[in-house]
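**Q** This is the structure I have questions about; it appears just below.
Where a number appears in this text, it was derived from the coordinates with a stated rule and is not lab data. On a predicted model such as this, the values are computed, not experimentally measured, just so you know. No Cβ is skipped: glycine too gets one built from the backbone with ideal geometry, and neighbour counts run over all protein chains shown.
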Amino acid sequence: MGAYLAGFLLVSLVLLILTEIFLRSFFDISTMIADEYSGYLYLASIFLSLAYAFSKDAHIRINIITSRLSKKTNKKIDIVAAIITLGVLIFALYRTILFTYDSYDLEMLSENVSETPLYLTQLAMPIGITIFILAVVLFIFKGFSNDS
């Protein structure tokens, strides 16, 4: 689900930039929000695609040691690493929730022409991390259930 939304956001980002280029080139006008919103769309697409990248083993892995170990040992190392990752993600979730709530509570707006409420643009961070946490928890459970 997150990957599809991230893909949609990236397509939206490209369309926004193409619209800006077209308007500037042919009509000498600007949307005034393309630069700002392309950043928001890019941030959201990154956070919403983290879980998909994890589930497809697309994150960078350094396997200089694990490449010489047995599959069973690698599985145990992966589970331990996933548990550590889960702890880091829970902390990141906590901090991004606080960050987003502070923006909401303080009624922070972007300093650009749009004056977009910043909490709306920051919601993608805790949502994406939550989906990532679910993917890691699923990975851990699969690791324990397949442990034979």
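**Q** If you stretched the chain out fully between D28 and L106, how much longer would it get, using 0.36 nm times the residue separation minus the C-alpha to C-alpha distance?
**A** Additional length available on full extension: 24.4 nm.
**Q** With charges set only on the Cβ (+1 for Lys and Arg, -1 for Asp and Glu), what does the dipole of segment 1-71 come to about its Cα centre, in debye to the nearest 20?
**A** Taking the Cα centre of segment 1-71 as origin, the dipole is about 640 debye.
**Q** Here's a follow-up. Identify all aspartates and glutamates with a Cα-Cα distance to K75 below 18 Å; exclude those on the same chain that are fewer than 8 residues away in sequence.
**A** D57, D147
**Q** Turning to a different aspect of this structure: Restricting to Cα pairs below 8 Å that are 6+ residues apart, what does the relative contact order work out to for segment 18-118? Please round to a whole percent.
**A** With pairs under 8 Å counted, the relative contact order is 23 percent.
**Q** Roughly speaking, what is the centre-to-centre gap between segment 122-148 and segment 31-82 when only Cα atoms are used, to the nearest Å?
**A** 12
**Q** While we're looking at this one, here's another question. Write down the Å³ per residue value for the convex hull defined by the alpha carbon atoms of segment 1-138.
**A** 123
**Q** On to the next question. What is segment 8-76 by shape, rounded, prolate or oblate, if you read a ≥ b ≥ c off the alpha carbon gyration tensor as root eigenvalues and call it rounded for a/c under 1.5, prolate for a/b larger than b/c, and oblate otherwise?
**A** Judged from the Cα gyration tensor, segment 8-76 comes out prolate (a/c at least 1.5, a/b above b/c).
**Q** When a/c is below 1.5 the answer is rounded, else prolate if a/b is larger than b/c, else oblate, so apply that to segment 59-148 with a ≥ b ≥ c taken from the square roots of the Cα gyration tensor eigenvalues.
**A** Prolate shape, in that a/c is at least 1.5 and a/b is the bigger ratio.
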